[in-house]
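The values are calculated or read from the model by the stated rules, or taken from the named source; none is laboratory data. Predicted model, so just to flag it, every value in this text is computed and none were measured. Virtual Cβ from ideal backbone geometry, glycine too; neighbours counted across all protein chains shown.
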Amino acid sequence: RENYGTYLYFAIGQMFAAFICPPMIFFAILGISSISDLMTSQFGIRFGKNHISWNQNKTWEGTLAGVISTFLISFLFVGFFWGLIFTIIFLLLDILTNQPFNVS
(Lines give C-alpha, C1' and ligand atoms only; values in the text may rest on other atoms or scores of the structure.)
Protein backbone atom coordinates (compact mmCIF):
# COMPACT_ATOMS: atom_id res chain seq x y z
CA ARG A 1 0.00 0.00 0.00
CA GLU A 2 1.46 3.31 -1.03
CA ASN A 3 0.60 6.41 0.86
CA TYR A 4 1.65 9.88 -0.21
CA GLY A 5 0.44 11.63 2.94
CA THR A 6 3.94 11.96 4.35
CA TYR A 7 5.19 13.77 1.27
CA LEU A 8 2.11 15.96 1.09
CA TYR A 9 2.35 17.03 4.73
CA PHE A 10 6.08 17.69 4.35
CA ALA A 11 5.39 19.96 1.36
CA ILE A 12 2.55 21.74 3.16
CA GLY A 13 4.75 22.29 6.21
CA GLN A 14 7.54 23.70 4.08
CA MET A 15 5.14 26.03 2.26
CA PHE A 16 3.78 27.23 5.59
CA ALA A 17 7.33 27.90 6.83
CA ALA A 18 8.13 29.73 3.58
CA PHE A 19 5.20 32.09 4.11
CA ILE A 20 5.83 32.95 7.76
CA CYS A 21 9.64 32.86 8.07
CA PRO A 22 12.35 35.10 6.69
CA PRO A 23 14.19 33.45 3.77
CA MET A 24 17.33 32.41 5.64
CA ILE A 25 15.36 30.81 8.48
CA PHE A 26 13.24 29.00 5.92
CA PHE A 27 16.35 27.63 4.20
CA ALA A 28 17.68 26.47 7.56
CA ILE A 29 14.39 24.70 8.34
CA LEU A 30 14.33 23.11 4.88
CA GLY A 31 17.91 21.87 5.24
CA ILE A 32 17.36 20.53 8.73
CA SER A 33 14.14 18.73 7.87
CA SER A 34 15.59 17.10 4.78
CA ILE A 35 19.35 16.68 5.20
CA SER A 36 19.74 16.32 8.97
CA ASP A 37 16.93 13.79 9.24
CA LEU A 38 18.53 11.78 6.43
CA MET A 39 21.96 11.95 8.10
CA THR A 40 20.48 10.79 11.40
CA SER A 41 18.78 7.75 9.95
CA GLN A 42 21.57 6.71 7.59
CA PHE A 43 24.36 7.03 10.14
CA GLY A 44 22.23 5.22 12.69
CA ILE A 45 21.50 2.36 10.29
CA ARG A 46 25.02 2.02 8.90
CA PHE A 47 27.27 2.82 11.86
CA GLY A 48 24.98 2.68 14.89
CA LYS A 49 26.16 0.31 17.60
CA ASN A 50 25.19 2.09 20.82
CA HIS A 51 21.42 2.20 21.19
CA ILE A 52 19.80 4.88 23.31
CA SER A 53 18.70 3.08 26.48
CA TRP A 54 15.13 4.39 26.54
CA ASN A 55 14.68 4.13 22.77
CA GLN A 56 16.08 1.00 21.14
CA ASN A 57 15.10 2.22 17.65
CA LYS A 58 17.72 4.98 17.73
CA THR A 59 21.47 5.07 18.22
CA TRP A 60 23.84 7.63 19.68
CA GLU A 61 25.87 7.61 16.46
CA GLY A 62 22.85 8.56 14.38
CA THR A 63 21.82 11.22 16.85
CA LEU A 64 25.33 12.70 16.88
CA ALA A 65 25.38 12.82 13.06
CA GLY A 66 22.02 14.61 13.09
CA VAL A 67 23.17 17.10 15.72
CA ILE A 68 26.37 17.92 13.82
CA SER A 69 24.60 18.31 10.48
CA THR A 70 21.83 20.39 12.07
CA PHE A 71 24.33 22.77 13.60
CA LEU A 72 26.35 23.11 10.39
CA ILE A 73 23.28 23.77 8.25
CA SER A 74 21.81 26.20 10.77
CA PHE A 75 25.12 27.99 11.25
CA LEU A 76 25.43 28.54 7.50
CA PHE A 77 22.02 30.16 7.21
CA VAL A 78 21.24 31.82 10.55
CA GLY A 79 24.47 32.05 12.54
CA PHE A 80 25.80 30.61 15.76
CA PHE A 81 23.06 31.62 18.23
CA TRP A 82 20.09 30.40 16.19
CA GLY A 83 22.10 27.42 15.01
CA LEU A 84 22.55 26.40 18.63
CA ILE A 85 18.84 26.84 19.35
CA PHE A 86 17.81 24.82 16.27
CA THR A 87 20.31 22.12 17.24
CA ILE A 88 18.93 21.82 20.77
CA ILE A 89 15.37 21.60 19.43
CA PHE A 90 16.44 18.93 16.91
CA LEU A 91 18.24 16.96 19.62
CA LEU A 92 15.26 17.00 21.99
CA LEU A 93 12.81 16.00 19.27
CA ASP A 94 15.10 13.25 18.02
CA ILE A 95 15.79 11.73 21.43
CA LEU A 96 12.31 12.05 22.90
CA THR A 97 10.28 10.65 20.00
CA ASN A 98 10.13 6.87 19.69
CA GLN A 99 9.28 6.71 16.02
CA PRO A 100 8.82 9.20 13.22
CA PHE A 101 5.57 11.12 13.42
CA ASN A 102 2.95 9.12 11.54
CA VAL A 103 1.22 11.83 9.56
CA SER A 104 -0.08 9.61 6.80
Check your understanding: Quick check: is even one residue across segment 17-31 in contact (Cβ under 8 Å) with a residue 60 or more places away in the chain and not in a helix (DSSP H, G or I)?
Key -> no
Check your understanding: Given the residues TRP60, TRP82, which is the only one that is modelled with pLDDT of 90 or more and in contact with a His (Cβ under 9 Å, 6 or more places away or on another chain)?
Key -> TRP60
Revision key, fill the gap. Within segment 15-61, the count of residues that are of a type outside the set (Ser, Thr, Tyr), more than 23 Å from GLY83 (Cα to Cα) and out of contact with any Asp or Glu (no Cβ under 8 Å at 6 or more places or on another chain) comes to 8
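Got at least one residue in segment 48-70 being under 19 Å from PHE10 (Cα atoms), surrounded by 17 or more Cβ atoms within 10 Å (Cβ to Cβ) and among the hydroxyl-bearing types (Ser, Thr, Tyr)?
Looking through segment 48-70, at least one residue is under 19 Å from PHE10 (Cα atoms), surrounded by 17 or more Cβ atoms within 10 Å (Cβ to Cβ) and among the hydroxyl-bearing types (Ser, Thr, Tyr).
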